[in-house]
Every structure is written in C-alpha cells, then in structure tokens.
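Worksheet for the structure shown next.
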Amino acid sequence: MSSYLRYGFIENLDTVRRIPIGRFWGVGLLVTPLTWLSPFVFFGLHFLLNLLNLQLGLAERLQQSLAFALVVQLATAAHAFGHILSGKLAGGAMDELLITATRDVNVYHGDQSRVPGRVHLARALGGPLFNLLLAAACAPFAPLAAPGFGQALAASMVSTNLFFGLGGLLPLPSIDGAVIWRELLRLARPARR
C-alpha cells in the first residue's frame, strides 16, 4: 500500500505514470491512469456516508451522491485555477498540475527554497480563497434552486466549496494550510525581534 494513502491519494505519486493531456495558461496538465475513477470514488464515498441518514429514500440518496460527485470535480478544477491564477499574479506559477483520482498535485520544478516566502504564501492561498469565493457566489442562489437534483446540486456547490476553502487553510501536511501557516509564521518572526 502506498505511503501517500494517508494524504488521500490512492496512487503512489513516486511511481505512477504521468500522462500529459495539454497545457493551461502555461501550466502542463498531467493525469494518472486512474484519474477517470474520480467521479466514481466520490459518488461511492458520498453514497456510503449518506447511508447514515435514515430519512432519505434511495432516489434522494442517488441524487445527492451524483450532485456531490459532479461538484467535487468542479470544486477541484476551481481550486486548481485559483492556484494557477495566484501563482501567475505572484510571479511563481506551478510548472505542472497532476490530476489524480482523489486530489490534484501542484508540481514545481527547481529549487523551491530560493522562492520568496510571499510567493509561496500567495500561490498557496489561491486555491482555498477561490473555493471560498465560489461558495459565497453560489450561496444566494442555492435557495432558488429547483427541488430535487437542483437543490442537491446547489447545496453541494456551496458546502463542498466551503469545505475545500476552509479545509485548505488548516495547517495539515500535504495541503495548502501547511504552506500558508509556515510562511505566515516566517513573516511574523522578524516582527518579534
């Protein structure tokens, strides 16, 4: 079993085949052989967790799980776009985006210790902030969604982007928060002297 599983990857990032599929705004886009599983992984995960809600019928469970699987793909793409945009604005965009079955990986070539802290901070903040902006933009429209799948999609759009945004700010290994808090602490150290 891969050591990357603890970080939410089902593939071994050291050995997995990386398939180029194009470029976006100068960033190489790569996929793994299992990337196609992503919607099925998140559909299944949501469906299993939703079994705890005994008040839902099968049709509602399926609608909510389908909405969640679709929104995870959109939220992941929005998160990646936020990183690319913030990296471009900070003058240090990622070189490649590796899209896996469960999470995306920002790939930077070269010695990253030479990159200024403000660049690390800006490009790490881009993904979570873009998700939070998307959640805020969708929230006023969620109550207006049509009943059924429309409501499930709207609710999932807000909650999933909110989760990606706030979760990405947590100081946990392998996510943006680890970089964000590391750089914020480095910025605060000179002020203490």
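Brief remarks follow.
- Hey, A146 within 19 Å of G165 (Cβ to Cβ) and either open to solvent by 20 Å² or more (accessible area, probe 1.4 Å) or in contact (Cβ under 8 Å) with a residue 12 or more places away in the chain (or both) or not: no
- Counted as qualifying within the stretch 1-107 are the strands (runs of 3 or more DSSP E) with 1 or more residues that are free of Cβ contacts under 8 Å to residues at least 60 places away in the same chain and open to solvent by 30 Å² or more (accessible area, probe 1.4 Å), namely 19-24, 104-107.
- Matching entry among F130, F141, F164 (being touching a residue at least 24 places away in the same chain (Cβ under 8 Å), open to solvent by 60 Å² or more (accessible area, probe 1.4 Å) and under 29 Å from R61 (Cα atoms)): F130
- Test for R123: is it of a type in the set (D, E, K, R), within 30 Å of I19 (Cα to Cα) and in a helix (DSSP H, G or I): yes
- Of everything listed in (1) touching a residue at least 40 places away in the same chain (Cβ under 8 Å); (2) within 15 Å of the chain's Cα centre (by Cα); (3) assigned to a helix (DSSP H, G or I), the single unmet condition for L153 is (2).
- Selection status of M157, more than 20 Å from F68 (Cβ to Cβ) and either touching a helix residue (DSSP H, G or I) at 6+ places or on another chain (Cβ under 8 Å) or of a type in the set (S, T, Y) (or both): no
The values are calculated or read from the model by the stated rules, or taken from the named source; none is laboratory data. From a predicted model like this one, the values you see are computed outputs, not experimental measurements. Every residue, glycine as well, gets a Cβ built from its backbone with ideal geometry; the counts of neighbours run over all protein chains shown. All accessible areas refer to the heavy atoms of the entire protein, side chains included, with ligands and DNA or RNA removed. Shrake-Rupley method; radii C 1.70, N 1.55, O 1.52, S 1.80 Å.
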